[in-house]
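What follows is a short report on a single structure.
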């Protein structure tokens, strides 16, 4: 792969940060939702909702990101942006494990958004790692349990936090994504999530 193509793909990946605005009926509309990789190695989940239950679900939301992206639980922060003033929580591991079916409609809808954002972080990370390794995106895999991108059939790999740190920061643009639809839901089935330009 030539240097120009590798640099273009790295520029396309730009950063691993993801932002979206939800159109869910059970969540506040026009609030920003995001996953942000901070320079200190922490990851902030920005939730465009109020902190219901005094942080009770913060551990649930953090555990979703930890499990999906392979990031240590202690490096995740949860920021509730719909509160005035906004609330930043450092979740503690819960004494009880939440079941997805038992969290209720608001936390369940928030979990759906978080999981879709994680999928897009992995996609952007795959592009960034492919550009760094100078190979095709199809040759990159991701191990959720360790949070590592790796080259298929080779021995090169990179942690998601390292890839986020190495990916350049820049502007992003929005893309339309399909949403999961529920029975009887007749509203638009798309959601806007910014992507690297």
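Values in this text are rule-based calculations from the coordinates and carry no lab data. This one's a predicted model, so the numbers in the text were calculated from it and none came from an experiment. Using ideal geometry, Cβ is built from the backbone for each residue, glycine included, and neighbour counts are taken over all protein chains shown.
Brief remarks follow.
- Each of 81, 145, 29, 134 was scored by other Cβ atoms within 10 Å of its Cβ. Arranged with the fewest first, they read 145, 29, 134, 81.
- Exposure proxy order (Cβ contacts within 10 Å, fewest to most) of 115, 155, 19: 155, 115, 19
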